[in-house]
Structures are given as structure tokens and as C-alpha cells.
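The values are calculated or read from the model by the stated rules, or taken from the named source; none is laboratory data. Since we're looking at a predicted model, the values are computed, not measured. A quick note on method: Cβ atoms are made from the backbone with ideal geometry, for glycine too, and the neighbour counts reach across all protein chains shown. SASA here: full protein model, heavy atoms, side chains in, ligands and nucleic acids out. Shrake-Rupley method; radii C 1.70, N 1.55, O 1.52, S 1.80 Å.
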Amino acid sequence: FWNRLKNSHEVYKDEIEWLKKIWWHKINGYWFFNNGKPTYICGWHFMYVNFWQYTETKKSGDKFPEYRDRDRRWFLFNWYAYTCTETFKHIDDKGKALKVDGKYEMVDVGRRTLYGTGNTKQRRAGETHKSLCICHEIMSVSEGGVSGIISYTNINSEKHFREKLVPAWQRFPIFFMPYYDGSYAPSNNIRYRVPGTEVGKVGVDAVMNYAESGDGKAYDGSRLVGILCDEEGKDVTNDVPGRWDVLKYCLSEGISIHGFAIHPSTVEDINGDGAKAYKQLADQSNFYERLEASGSTKSGLIWQFYPASDAHEGFIDSYGYSVIGEVLPYQKEEGFKITADYYLKKKRQ
């Protein structure tokens, strides 16, 4: 594919310019007007809404994700955590951030200060698909890196790999694919390596797979560049905080962080000991409490929260905004009569 473009660049000059533009947005993000409002989405979100296909049902077939303003904020939060090199300039002896003249002051330390993010979520928020998209995006441009999936059971990790990651990956356009070695129906890993038939070529040499156990030992010693730590609130078998301590060593070298982790868990399914362990991880991820030596939070993560009314199915307008607080005039014209928070309140009553 690339040789044809290179050897016939005059014939394909329009296509090549388009590919350059798409790759620019993949890296730098995309600005557009949404209902007249200037709106920015990061490169991960751009890739997700434009190229991450999934099969909802056999009847409906392949679909692209619909744009959601909640997803925009979710992706931007993760992008901030992945690129963040700042911490609070002033903290007390317990690590709590201090305001000076009523404001927090930040300082750039010249290296990443965060390992990733966590969030408790409602059902069908799409966090698994979005997290897999991010892990693949990081892996596909990281030489020698490994992206992984770990869950409360290896069965669940395998399910995410085979039923969500692989179908989306199989539908990726060829112009996003590095050299690939292996089957196009992989059972346990996607390998961006130069095939043995290609002599003298250089590849990314990166892999994305899933853990065959839930204890984290599968990745011990690996150079992780991305990992989805899925549904930890359900996990009553593994030591979630202890596993995270192991994974952090795989995501960093000394004080230098090179990898990224995402820790989503569904509220309705959190239970018992799993809830306690997950809450412990969340409590150690307070954005306003930092370690003096590293500038990071105690866990190395930061936590995000969205109310159940935000992007609640059936209460999202044609521009991807959540119908919350009050029904706006144009939302009334679209047929909305009540808001998501009003509906949930009445349902709860």
C-alpha cells in the first residue's frame, strides 16, 4: 500500500494530502463548530468517532460511535492525565494542595506526573471501547511497547479482546496499520512486527494482548505503554491495590512514566470486598493530594466522575449534549419534554 503511494505519488497526490490531514488530526485533535459553539476533541476522540467500528447486534451490523459531549470531556480528562507534567507548587506537610491569594499555582516539573485515570460509571457508557481505543492508539506508535487488558477474570479479559478489540481492529483502514505479523483473526495478541517475508524493513515491534490471569503477574517485567484495568469494583479474588503496585513498575522506569492506565468500573456491579478495594484506590487518587518527591497522587491516578444523568440513554440531543437541568428551546423542538435528572429522580422515588 505505502509503496504504491510512494511510487505513484503524482497520481495519488490528492489522496496523500487527505491522509496527511487525517494523520495530523489523529495526533493533534480536531476543532469544529457544534451547534455554533467552537469545540475541540483530542486525537484519541477523533479516532474513536471516525474509525472505531463495533458490532452492536448481528441485525444492526457495524456502527460508528455517536458523538457525545460526555465522551469529549472523558477523552480530554484522559489526554490531560497522559500528557500532564505539572503538579501543585504549594502543598502542606500532609501533601494537600494550598491556595495562594485564593488560587492554586502549578509548576511544570518536566516529566509526567500521572500514570492514568479511574472512574465509576453507569452501564453502557462505552468506557471499555473507548479505553481499548486509547490503549491501541498508544501501542500503535510506541516502539517495543505492550498494551494490555486485565480484568477480574481472564475470561472477561479475553472477551474484551476477542469481542470488542479485534472486530474494531479488523475494520481499521489500512493507512493506520503498521507492519503486522500474524492472523487477521487473532486469538490472543495483535503484533505490529515486520513479517519474515519482508527483508530489511523496520516496524513498530509492539503488541496488544490480554492477561491470562487477574493477579497482574502476566505483565510483571513487561514494558507496558497502555493497560485497561477493567471492572476492579467487581474483583473479590485479586488484591487490586497490590496488583496496581506491580503494574506501576511496568508503566515506568524509576521516576520516569512511559505508560498509561485506565480503571473504569460499573456502579451497579460494585460489591463487597471489591468495592472496598476499589474505593481505596479512588481515595488515593485525590487530585488535590500530592507526594512531594514525585508530584503525583498517592496512587499515581486521578479520578473523574459523571452523574448518571450525563449522557443517559434517551436524553441526548442531536448535537450530543445531555438533556440536564432544563430542556432548552431547541431540545423541546427535538421532542424532549423532561430532563434526565428529573426522570431519574422520579424513577428513584
Counting other Cβ atoms within 10 Å of each Cβ, which chymotrypsin sites (Phe, Trp or Tyr not before Pro) in the range 308-349 have at most 16 and sit in a DSSP loop?
-> Y319
Most mobile listed residue (N50, N286, N119) in the chain, GNM with C-alpha springs under 10 Å | N50
Counting alpha carbon pairs within less than 8 Å and at least 6 residues apart, what relative contact order, in whole percent, applies to the chain?
-> 18
When ligands, DNA and RNA are left out and all protein chains stay put, how many square angstrom of accessible area per residue does the chain have with a 1.4 Å probe?
-> 52
For the range 270-349: relative contact order, % (alpha-carbon pairs under 8 angstrom, 6 or more apart) | 19
Here the range 322-336 yields Karplus 3J(HN,Hα) values (6.51, -1.76, 1.60; θ = phi - 60°; whole Hz; Gly and Pro given as x) of 6, 8, 10, x, 8, 7, 6, x, 5, 6, 5, 5, 7, x, 7
Roll a 1.4 angstrom probe over the protein heavy atoms and tell me the percent of accessible area of the range 236-304 that is carbon or sulfur.
-> 52
Tell me the chymotrypsin sites (Phe, Trp or Tyr not before Pro) within the range 91-188 that lie in a loop according to DSSP and have at most 14 other beta-carbon atoms within 10 Å.
-> Y184
Aspartates and glutamates near K6 by alpha-carbon distance under 12 Å, same-chain residues fewer than 8 away left out - which ones?
-> E15
Radius of gyration and Dmax for the range 245-344's Cα atoms, expressed in Å?
-> 19.2, 56
Mean ellipticity per residue at 222 nm, deg cm²/dmol - from DSSP H runs of n ≥ 4 across the chain, formula -39500 (n - 2.57) = -9000 deg cm²/dmol
Which aspartates and glutamates have a Cα less than 12 Å from the Cα of K332, not counting those fewer than 8 places away in the same chain?
-> D317
Of every hundred units of 1.4 Å-probe accessible area on the range 117-226, the number belonging to carbon and sulfur atoms, as a percent, is 46
Which value, in Å³ per residue, describes the convex hull spanned by the Cα atoms of the range 101-178?
-> 187
Most mobile of G242, G36, G203 in a GNM of the chain (Cα contacts under 10 Å) = G36
Straight-line reach from K103: which aspartates and glutamates have a Cα under 16 Å away, not including same-chain ones fewer than 8 places off?
-> E86, D92, E289
Taking the chain as a Gaussian network, Cα atoms linked when under 10 Å apart, which of H25, H136, H263 shows the biggest mean-square fluctuation?
-> H25
By accessible area (1.4 Å), largest first, R123, R193, R68, R4 order as R4, R123, R193, R68
Counting DSSP beta bridges in the chain, what percent are antiparallel, to the nearest 5?
-> 50
D310, D341, reordered so the largest accessible area comes first (probe 1.4 Å) | D341, D310
In what order, largest first, do K94, K332 sit by accessible area if the probe radius is 1.4 Å?
-> K94, K332
From the cross-link list K99/K130; K89/K298; K63/K159, the entries with a Cα-Cα span beyond 26 Å are K99/K130
Relative contact order, percent, of the range 53-197 when contacts are C-alpha pairs under 8 Å separated by at least 6 residues?
-> 17
